[in-house]
1. Past the 16 angstrom mark, what percentage of all C-alpha to C-alpha distances in the stretch 242-281 do you count?
2. For Asp49 and Ala188, what does the FRET efficiency come to when R0 = 51 Å and r is the distance between their Cβ atoms, rounded to the nearest 0.05?
3. Given an 8 Å cut-off on Cα distances and at least 6 residues of separation, report the relative contact order of the stretch 143-205 as a percent.
4. Return a whole-number percent for the relative contact order of the chain, with Cα pairs under 8 Å and 6 or more residues apart as the contact set.
5. Find the percent of Cα-Cα distances in the stretch 100-155 that exceed 18 Å, and round it to a whole number.
6. If I stretch the segment between Ala243 and Ser110 completely, what's the gain in nm (0.36 nm per residue apart, minus their alpha carbon distance), one decimal?
7. Which whole-number percent gives the relative contact order of the stretch 80-121, counting Cα pairs below 8 Å spaced six or more residues apart?
8. How big is the charge dipole of the chain about its Cα centre, in debye rounded to the nearest 20, if each Lys and Arg gets +1 on its Cβ and each Asp and Glu gets -1 on its Cβ?
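What follows is calculated from the coordinates using simple rules that are stated; it is not laboratory data. Predicted model only: the values in this text are computed from it and were never measured. Counting neighbours? That spans all protein chains shown, and the Cβs are built from the backbone with ideal geometry, glycine included.
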Amino acid sequence: MGCKTGLLFALTIWMAVTTSVNAAVIFSQFTIDEVATQGQLQSAAQAADTSAIAGVAAEPGPAGDIFAIHSDSSQLESFLRVTADGSPTRLTDSAAIAQQLGSPYGAALSLTGGFAYSPVANALYFAEDAYGVSTEVSMVKLSAETGAATLVKRTTDLAGLSDHSVMPDGTILVARPSAAVTGLLDPATGTYTSKLTEAQFLAASPGASSLPPESIAGDPVSGKSYVSAHGDHGLFEVDNFAAASPVPVRLTQSELTGVDLHDLAVDQYGNLYGLDAATNQIVIIRSTDKAVFTFPLTQIAMALGKPAFAAVPWRGIAARIAGYAQADLFLSSGNSTYGIVRVRFGSVPSSVKDWTLY
């Protein structure tokens, strides 16, 4: 059994044991740290400066690697792997990707949508939308082992893509607000299938007049999916997105009224996280009881002694289980203030500096 195969086998066993009981995470208890600083990521990228950490993704399990996209002022993107101990290395960069994909791609990619890891393929997926044909968007697969890039699909079917996520079977969820639709992309065949439309979200939301789907995330275990809609704002749960006629159900907890979530993530316990940039907080829905929690992002500045969150346009989030009744949330910074920030929710060892919200 090879090293990577052995790791995946051990991870499968760990996941089966850890998720067999859906433990209730105590979200009022948390620790905050930087898994890798902006300086460490810039050094690994071999870049002269940092304009943003343009995305973050994570392997499942507390010992899994984390992945980030480092962008510099010349729009060169470096795709980085960060080990559990915080050591970053470069997988590849946009110049190498452009060389592998060929014309019409250039060394400066224009990224759109999410940055997602697929355990099934051991690969990362990102979308690119400005290589010279403005009506088409490309979905690109990046090997998490070697950094090799392959084109999944370049098509007008993905035009207007704002977010994407990976389902447990490896298919890719897509949100396209400008087209007012969501869809499924099969990375094996490149086949895109339109699914839920804005009209269906409106039908589930009496009184709303505008609900274009903006953010989307899949539960990595149950296969449920979640869609956040812009306009009149709404958050929806879909039991089986791949069904012939999926049905969106609006989540109606009072704490969700008016919430505008620009990115979503789901951990292996089924807890849902949403980045609400307008109110500078993370909105969390706990899977065990559907209770809603909020985590003020000003806590990050307080804990790390850096500028207040108002000056930081966060670019993306990723989530995973960290242990029994523990969950990690990773955030990437839209400027050079932070690298990859980790918020660990749940009970923590007394030797670790922890915080409790009252």
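1. Of the Cα pairs, 53 percent sit more than 16 Å apart.
2. 0.85
3. It rounds to 22 percent for the stretch 143-205.
4. This gives 19 percent for the chain.
5. Percent of Cα pairs beyond 18 Å in the stretch 100-155: 28.
6. 44.6 nm
7. 24
8. 340
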